[in-house]
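Take a look at the structure set out below.
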Amino acid sequence: MAEFEPTIIAFVCNWCTYTAADLAGTSRLSYPPNVRLIRMMCTGMVDPKYVIKALLEGADAVLISGCHPGDCHYINGNYKARRRVKLLKEILPRFGFEEDRLKLTWIGASEGVDFAATIKEMVDQVKALGPNQTREQMVI
Amino acid sequence: MAKTAKIEVKEQGLVDSMQGFFRTLLEKGDINALLVPQRLPRKNAVMPTLVTDPEKINGADPLAPVFPINAAKVVSKLTRKPLHGKVAVVLRPCEIRAFVELVKLKQARTEEVVIVGLDCLGAYGNVDYLRFAGEDGNGSTQKFFQNALSGKGTAWEGIDISPACKACDHPIPENADLLIGLLGVDTSDHLLLKANTAKGEAILDNLKLPAAKESEGRKKAVDALVAARSAYRDQMFEETSEATADIEKLTSYLSECINCYNCRVACPVCYCKECVFVTDVFDHEPSQYLQWAKRKGAVKMPTDTVFYHITRLAHMSTACIGCGQCSNACPNNIPVMEIFRTIAHYTQKAFDYEAGLSLDDEPPLSVFREDEFQEVVAKMH
Ligand code: SF4
Ligand code: SF4
Ligand code: SF4
Ligand code: FES
């Protein structure tokens, strides 16, 4: 059987992590192709339902990545995101989604190397976890 | 120390004495209106009524073991903008807690309100209550309290108070301006009236009622009730967690759900004017359903049932006060309260918050600090 290839949905901030991903690309840094980037104007825009929907639809993990504390272009969107991640990490594991299926990181615009390393590490982690329970299971 | 007084009972019985007290409150309490549950004509349905005329209080029965809606919703309608008058609102403890949350969420105001809270011994579901009340509404209330206060319990002919009430660990309205106490009180003689705030005290002084003392027995009775409720609650948390521990189990837990969203409409703290689940975000393209079906071979219609419930949990479980109106409103008897209260217990604990207890504690999702919850941010190399 072929090795399990996880799908990771990444909600990334336009001003920092998205640029870092771009930089990783233009610098020809290689990172696994398992991640689908969704560009947001700020991590403060990531409503919990986006994360929930992704995990219910069979994504194996979700990454939210934004500006370092103090660097958010909308002042405090990243702090709001952090509270929501705290909240989701309380709720989702109670329904059998392992905690590592949701990750929050701060990756600045110049940190292309960090971006590539984060994705690589996350893919390894999720491979170790195995496929999400919603991949095959019909969710009502 | 809190000021206390007596509402005399004598031979008229609980319901009549209570009505007498409300008449006095309207006449002498320096208020313009009273919001109080009353029996509607001909049927035994009990709904909140806004009363200005002391003569129009003859159906008042806030002790009736039923509350078809959480009245915090109507107090929010009365107070979201200036009322130009003062209103006393008679509420159950869970209605007060919901009101506290709505105030913090800027959906209600405290300025023109005096809260009159009652010790709560629980309520039946709407349908069960109609059977319990039968032809004699007031008599059934009297019977309920006699049984509950004498230790005979609340069960009657195969029905009992709702699971939400059995699990309610805050049955005493300690955060009301005026508290009407029944537990550990000699209710054949009087009810206890206690002022917990300056607002309450001013009214209590106006009413010129005979003095009373909070008895030793009251504390004991309250502790015993809270202990029994907490034990039920903990077992409920355990059983519900087990019954919803993964997606397969959660799916079977919710399998009768028809996405009617009654639970959300009935919930006092799900206050959005337009819930995202009824917007056109969920008017999917017909062909989208086909794609969804193809992906796993089958898709249940209507879709997004689990999605709805988990999202609602994320949006409002930090404000859930455990009133049980969600379960009460469900046409298919899904144990909605059980899952919401269980998850709420953990989400509120995560933010060191307990919904509804104090106006001063900040709602977890309305505030944030620079230095907090570092543990949820993955470390970089
Ligand atoms: S489920 Fe969410 S969007 Fe809908 S009313 Fe409740 S809080 Fe608002
Ligand atoms: S979720 Fe249910 S128990 Fe919680 S506040 Fe809303 S209606 Fe009451
Ligand atoms: S009231 Fe019951 S059937 Fe309706 S949406 Fe809520 S859980 Fe589902
Ligand atoms: S602008 Fe990047 S997280 Fe807010």
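Annotations for the structure displayed:
- Residue within the range A:80-89 that is outside any loop (DSSP other than H, G, I, E, B), in contact with a helix residue (DSSP H, G or I) (Cβ under 9 Å, 6 or more places away or on another chain), farther than 26 Å from B:K296 by Cα and within 16 Å of ligand 2 (Cβ to nearest atom) present: yes
- Qualifying residues in the range A:50-75 (those that are surrounded by fewer than 19 Cβ atoms within 10 Å (Cβ to Cβ) and either touching a helix residue (DSSP H, G or I) at 6+ places or on another chain (Cβ under 7 Å) or more than 9 Å from every other protein chain (Cβ to nearest Cβ) (or both)) - the one nearest to B:V367 (Cα to Cα): A:I75
- Taken over the range B:239-263, residues that are within 16 Å of ligand 1 (Cβ to nearest atom) and more than 7 Å from chain A (Cβ to nearest Cβ) amount to 6.
- Candidate set: the range A:1-34, residues that are modelled with pLDDT of 95 or more and under 14 Å from A:E121 (Cβ atoms); chosen: the one farthest from ligand 3 (Cβ to nearest atom): A:N34
- Of all positions in the range B:356-372, at least one carries a residue that is surrounded by 24 or more Cβ atoms within 10 Å (Cβ to Cβ) and either outside any loop (DSSP other than H, G, I, E, B) or not assigned by TED's automatic domain parsing to the domain that holds B:K106 (or both).
Residue by residue, here is whether (1) out of contact with any His (no Cβ under 9 Å at 6 or more places or on another chain); (2) within 16 Å of ligand 2 (Cβ to nearest atom); (3) not hydroxyl-bearing (S, T, Y) holds:
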position	(1), (2), (3)
B:A231	yes, no, yes
B:T244	yes, yes, no
B:E248	yes, no, yes
B:S255	yes, no, no
B:V278	yes, no, yes
B:W292	no, no, yes
B:T303	no, no, no
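- Criterion: closer than 23 Å to A:G58 by Cβ and within 11 Å of chain B (Cβ to nearest Cβ) - qualifying residue of A:V126, A:V85: A:V85
- Candidate set from the range A:16-28 (those that are within 16 Å of the chain's Cα centre (by Cα), buried (at least 21 other Cβ atoms within 10 Å of the Cβ) and in contact (Cβ under 8 Å) with a residue 40 or more places away in the chain); member that is nearest to ligand 4 (Cβ to nearest atom): A:C16
- Residue, farthest from the other protein chains (Cβ to nearest Cβ), within the range B:265-276, restricted to residues that are more than 16 Å from ligand 2 (Cβ to nearest atom) and out of contact with any Ser or Thr (no Cβ under 9 Å at 6 or more places or on another chain): B:K273
- In the range B:291-325, the residue that is nearest to the other protein chains (Cβ to nearest Cβ) out of those that are farther than 19 Å from A:L55 by Cβ and not in a loop (DSSP other than H, G, I, E, B) is B:T318.
Condition check ((1) within 14 Å of chain A (Cβ to nearest Cβ); (2) under 22 Å from the mean Cα position of the chain (by Cα); (3) touching a residue at least 40 places away in the same chain (Cβ under 8 Å)) across all residues:
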| residue | (1), (2), (3) |
| --- | --- |
| B:D177 | no, yes, yes |
| B:I180 | no, yes, yes |
| B:A195 | no, yes, yes |
| B:E214 | no, no, yes |
| B:A228 | no, yes, no |
| B:F237 | yes, yes, yes |
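- Residue in the range B:239-254 that is aliphatic (A, V, I, L, M), closer than 21 Å to B:A167 by Cβ, surrounded by 13 or more Cβ atoms within 10 Å (Cβ to Cβ) and away from ligand 3 (no atom under 16 Å from the Cβ) present: yes
- Candidates B:C267, B:C275 - the one that is in contact with a Cys (Cβ under 6 Å, 6 or more places away or on another chain) and either within 16 Å of ligand 1 (Cβ to nearest atom) or in the same structural domain as B:V75 (by TED's automatic domain parsing) (or both): B:C267
- Residues that are over 20 Å from A:C13 (Cα atoms) and modelled with pLDDT under 95, drawn from the range A:54-98: A:E57, A:G58
- Filtered residues of the range A:29-49 (kept if in a loop (DSSP other than H, G, I, E, B), surrounded by fewer than 19 Cβ atoms within 10 Å (Cβ to Cβ) and within 16 Å of ligand 1 (Cβ to nearest atom)): A:D47
- Helices (runs of 4 or more DSSP H) contained entirely in the range B:215-286, each with at least 1 residues that are under 30 Å from B:A5 (Cα atoms) and at pLDDT below 95: B:216-243
So that you can scan it fast, the table gives a plain yes or no per residue for (1) over 30 Å from B:A355 (Cβ atoms); (2) within 12 Å of ligand 3 (Cβ to nearest atom); (3) surrounded by 20 or more Cβ atoms within 10 Å (Cβ to Cβ); (4) under 28 Å from the mean Cα position of the chain (by Cα):
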| site | (1), (2), (3), (4) |
| --- | --- |
| B:Y261 | no, yes, no, yes |
| B:E274 | no, no, no, yes |
| B:F277 | no, yes, no, yes |
| B:F282 | no, no, no, no |
| B:E285 | yes, no, no, no |
| B:K296 | yes, no, no, no |
| B:T303 | yes, no, no, no |
| B:A314 | no, no, yes, yes |
| B:S317 | no, no, yes, yes |
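- Being outside the structural domain of B:E338 (by TED's automatic domain parsing) and within 30 Å of B:L365 (Cα to Cα) is true of B:V113.
- Residue selected from the range A:91-111 under the condition at the interface with chain B (Cβ under 7 Å from one of its Cβ atoms) and basic (K, R), by the criterion surrounded by the fewest Cβ atoms within 10 Å (Cβ to Cβ): A:R94
The values are calculated or read from the model by the stated rules, or taken from the named source; none is laboratory data. Everything numeric in this text was worked out from a predicted model, so none of it was measured. Counting neighbours? That spans all protein chains shown, and the Cβs are built from the backbone with ideal geometry, glycine included.
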